[in-house]
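J.: My questions will all concern the structure given below.
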Amino acid sequence: MQKKRKYLFITGGVVSSLGKGLTTASIALLLEKKGFKVALLKLDPYLNVDPGTMNPFQHGEVYVTDDGAETDLDLGHYHRYTTSNLSRASTATSGQIYDAVIKRERRGDYLGNTVQVIPHITDEIKHRIIQCGDKEDADVVLTEIGGTVGDIESLPFLEAIRQFLYEHPRDSLNVHLTYVPYLKAAGEVKTKPTQHSVQVLRSIGIIPDMILCRSEQSLSEELKAKISLFCNVPPNRVFDEIDVETSIYEVPLMLEKQRVASTLCELLSLEDCPVDLSDWVYLIEKIKHPKGKLTVGIVGKYLQHQDAYKSVFEALEHGAIAAGYSIEIKTFNSDELDFSIELSGCNGYLVPGGFGSRGWEGMIYAASYCRKNKIPYLGICLGMQSMVVDFARHVLGLEQANSTEIDPNTPHPVISLLSEQKNVTDLGGTMRLGAYPCSLNEKSLAYRAYKKSKISERHRHRYEFNNKYLQSFKDHGLEVSGLYEEGNLCEIVEIKDHPWMVGVQFHPELKSRPTDPHPLFRDFIQAMIGHG
Ligand code: GLN
């Protein structure tokens, strides 16, 4: 018998930054643990076709999937909490939806008709939701709608969901995440903002099936009853999601305690069963009882935005948990790095990805500092390129060595444009993106970490190690330990006479999970123990 696919729509009310992505990911994990195959979709109301061309200060990290989609950082949460396969089908923006409809209009597919938000845009949105489930042959599709209800931009998405809920009455439902603040002046918890956000939803035609209340403290039964009455949702479907004590990885446990996923199963007529969360309980225990603390310095340039290096921060945490340590992250703005003051006080340093010349010399300085002082260093993408440039300038003696991204006229372009990038004119979606295979040298730190010689990692860059200088680098002690053989591209560099200095052209942070830390982050953390 063909299975009936179920759909969950997660909306947010009152304010942004309530942790809708985390909540969606946590519910997905609980459903996965109950044995259901989940697919996740993030709908973003902005007009950019993808976040790839947005400044990290505005948007935070760009999460890249295996098939090369540049997506919202919430997909990173989905990846960390579940094993669901994320792809181009896991993301859609208003820009993409409109682009698809307008292209069809130009082709003449709607000939004779006026093209409108309803039904053409809403049909395209519903099509994406169905497609996401089909692609993974999922039991449950979880769709998170970016933004907050009441935003003008998200209206077509909410209208599409209203239609979807109407068309699939027994197989779909809305979970509304809202904020219930504690007002100090009144000494009370206030439900009014929640009432208002549900009123907005209802004016669009959506009655929530479940309300999750983000609040500082647990809500009394009385308050839940009040929210229930005003919002038209039974009291046993009003849950609280209070601020977690130690880690965001506690959220699934908190939701499970209240039987959130079981309630969803009941509502969707899905067979419920108990979940085994022992791996997550163990994880939280380890986080709560570290045997020591490590400090890592991040030398980057988007540090004012707390989410710009989201996956890097998380992957460091995963590595530390695996080692039984807690991690403190010290940030150094490479833009303002005062070269007369040495970096200090950290057990290791990480230079993450980035674009453009601002802050570049600070990154090279960080690589130099770690190389000379034999301090563990992990360079990611631009951080790998800064490691190569430092080595060229200060070990090979090529004083003006540079990346052509920064200095197109450098006499020593040790990092240069990938050949396939030479004729690129559009900036959106045209980098070397997504997963590529990489072969490891068996006598390397990389091989020691991965414990296998063939790996696959995800990329997002235009510039690359220049093989013209390969022999010279090798002769002086910088090894290429990972290679994309088909294109003869250097993917990993290591410094021979150093305890742990590794630069990778790809983004390992995107594949790390708390329950399965990335091998490079795990080994970087291990190398940091005892340093500093
Ligand atoms: N700007 C560099 C390049 O395009 C590095 C990119 C990155 O760090 N993601 O190659």
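Bear in mind that the values in this text are calculations on the coordinates, not laboratory data. Remember, predicted model here, so these are calculated numbers, not experimental data. Quick reminder, even Gly has a Cβ in these numbers, built from the backbone with ideal geometry, and neighbours come from all protein chains shown.
J.: Could you give the length gained by full extension between D276 and D134, i.e. 0.36 nm per residue of separation minus their alpha carbon distance, to one decimal place? Walk me through the intermediate numbers first.
T.: Working: separation 142, 0.36 × 142 = 51.12 nm, distance 2.73 nm.
Length gained between D276 and D134: 48.4 nm.
J.: Which percent of Cα-Cα pairs in segment 16-78 sits in each 5 Å bin, short to long?
T.: 4, 16, 24, 24, 17, 9, 4, 1
J.: What angle, in degrees between 0 and 90 and rounded to the nearest 10, separates the Cα long axis of helix 382-394 from the longest principal axis of the Cα atoms of the chain?
T.: 10
J.: Under 5 Å between amide H atoms, partner at least 5 residues away or on a different chain: which partners does S481 have, H built in plane at 1.01 Å?
T.: I492, V493, E494
J.: Against the empirical 2.2 N^0.38 Å scaling, what ratio does the C-alpha Rg of segment 405-532 come to?
T.: 1.12
J.: Could you let me know the centre-to-centre spacing of segment 67-143 and segment 410-456, using Cα atoms, in angstrom?
T.: Taking the Cα centre of each part, segment 67-143 and segment 410-456 sit 29 Å apart.
J.: In addition: Using Cβ contacts closer than 10 Å as the measure, can you line up L270, L75, L294 from fewest to most? Walk me through the intermediate numbers first.
T.: Values: L270 20, L75 27, L294 23.
Listed from fewest to most nearby Cβ atoms, that is L270, L294, L75.
J.: Please give the helix 122-136 orientation as an angle from the longest Cα principal axis of the chain, in degrees from 0 to 90, rounded to the nearest 10.
T.: Between the helix axis and the principal axis of the chain, the angle is about 60 degrees.
J.: Name the longest site-free stretch of the chain, where the excluded sites are chymotrypsin sites (Phe, Trp or Tyr not before Pro) in a DSSP loop with no more than 14 other beta-carbon atoms within 10 Å.
T.: With a cap of 14 other Cβ atoms within 10 Å, the longest stretch comes to 111-338.
J.: Express the relative contact order of the chain as a whole percentage, based on alpha carbon pairs under 8 Å and six or more residues apart in sequence.
T.: 15
J.: So which aspartates and glutamates pass the test for K42, namely a Cα distance under 13 Å, with those fewer than 8 places away in the same chain ruled out?
T.: D50, E70, D72, D74, E144
J.: How large are Rg and Dmax for the chain when only the alpha carbon atoms are used, in Å?
T.: When restricted to Cα atoms, the chain yields Rg and Dmax of 24.7, 75 Å.
J.: Could you sort out which of K330/K452; K34/K135; K37/K190; K291/K374; K257/K451; K330/K374 sit more than 29 Å apart by Cα distance in this structure?
T.: From the list (K330/K452; K34/K135; K37/K190; K291/K374; K257/K451; K330/K374), the Cα-Cα distance tops 29 Å for K330/K452; K37/K190; K257/K451.
J.: Mind running the shape call on segment 468-526? Use the C-alpha gyration tensor, a ≥ b ≥ c as the square roots of the eigenvalues: rounded below 1.5 for a/c, prolate if a/b tops b/c, oblate otherwise.
T.: oblate
J.: Further question: Do any GluC sites (Glu not before Pro) in segment 440-532 lie in a DSSP loop with no more than 14 other beta carbon atoms within 10 Å, and if so, which? Working shown, then result.
T.: Working: sites: E442, E457, E464, E479, E485, E486, E491, E494, E509; in loops: E442.
For GluC sites (Glu not before Pro) across segment 440-532 that sit outside H, G, I, E and B with at most 14 neighbouring Cβ atoms in 10 Å, the list reads E442.
J.: When all C-alpha to C-alpha distances in segment 164-260 are sorted into bins of 5 Å, what percent of pairs does each bin hold, rounded to whole numbers?
T.: Result returned by the calculation: 3, 13, 22, 23, 18, 14, 6, 1, 1, 0.
J.: In terms of modelled amide H atoms, which long-range or inter-chain residues lie less than 5 Å from the amide H of E328?
T.: Here L294, T295, V296 satisfy the definition.
J.: Let me ask another. Given a cut-off of under 8 Å on Cα pairs at least six residues apart, what relative contact order in percent is computed for segment 366-484?
T.: Here the relative contact order equals 23 percent.
J.: Once phi is turned into ³J(HN,Hα) by the Karplus curve 6.51 cos²θ - 1.76 cosθ + 1.60 with θ = phi - 60°, what whole-Hz value does each residue of segment 258-265 show in order, with x for glycine and proline?
T.: 8, 6, 4, 5, 5, 4, 5, 4
J.: Roughly how tilted is helix 192-204, in degrees to the nearest 10 and between 0 and 90, from the longest Cα axis of the chain?
T.: 80
J.: Between H305 and E153, what is the label-point separation in nm under the 7 Å Cα-to-beta-carbon projection?
T.: Calculated label separation equals 1.2 nm.
J.: Translational D (Stokes-Einstein, µm²/s) of segment 208-360 at 10 °C and 1.306 mPa s when Rh comes from the Kirkwood sum over C-alpha pairs?
T.: It comes out at roughly 84 µm²/s.
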